[in-house]
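Take a look at the structure set out below.
The values are calculated or read from the model by the stated rules, or taken from the named source; none is laboratory data. None of these values were measured; they are calculated from a predicted model. Methodologically, a virtual Cβ is constructed for each residue, glycine included, from the backbone with ideal geometry; neighbour enumeration extends over all protein chains shown. Heads up: the accessible areas ignore ligands, DNA and RNA and are worked out on the full protein's heavy atoms, side chains in. Shrake-Rupley method; radii C 1.70, N 1.55, O 1.52, S 1.80 Å.
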Amino acid sequence: CQQVFFPPSAICPHCAANRIDWVEASGGATLYSYVVHHRPLPLWGTDGPRSVALVRLDEGPMLVSSVVNCPQRPESLVLDMALRAQDQRDVGFGD
């Protein structure tokens, strides 16, 4: 059915087919929703604030991530803003 989905599964959630192919995502996304943690968990390795965001990939699926390289304030984290996947060392999406 050519639908892209996440998380990975052996069966397509759209059409129940079991012939699944991997697709490399473009890295483009849109900010769908977020919360800002002003005291993030120590395992995150940051003092805060730090966003936890729901992003929609250009291909369709939604992921939980962080928005990085952007002030962690409502004035900067605008819903529907375009995002781009960052290197794994930065962990998250940036504007």
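Values computed for the structure shown
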quantity	calculated
Percent of beta bridges antiparallel (DSSP, the chain, rounded to nearest 5)	90 percent
Selected from G28, G48, G60 as most flexible by GNM, with the chain as the system and alpha-carbon contacts under 10 Å	G48
Extension gain from L54 to A16, taking 0.36 nm per residue of separation minus the Cα-Cα distance	11.1 nm
Trypsin sites (Lys or Arg not before Pro) within segment 8-95: DSSP coil, no more than 14 neighbouring Cβ in 10 Å	R19, R89
The chain: relative contact order as a whole-number percent, Cα under 8 Å and 6+ apart	25 percent
Stokes-Einstein translational diffusion, the chain - Kirkwood Rh over all Cα pairs, 1.567 mPa s, 4 °C, in µm²/s	89 µm²/s
Max mean-square fluctuation residue, GNM over the chain, Cα-Cα springs under 10 Å, options D58, D47, D80	D47
Any cysteine of the chain lacking a neighbouring Cys Cβ under 4.7 Å - listed by number	C12, C70
Average accessible area per residue (Å²) across the chain - probe 1.4 Å, nucleic acids and ligands excluded	72 Å²
Accessible area of the chain belonging to carbon and sulfur atoms, whole % at 1.4 Å probe	53 percent
Dipole moment magnitude, nearest 20 debye, segment 10-80 about Cα centre, only Lys, Arg, Asp, Glu C-beta charged	260 debye
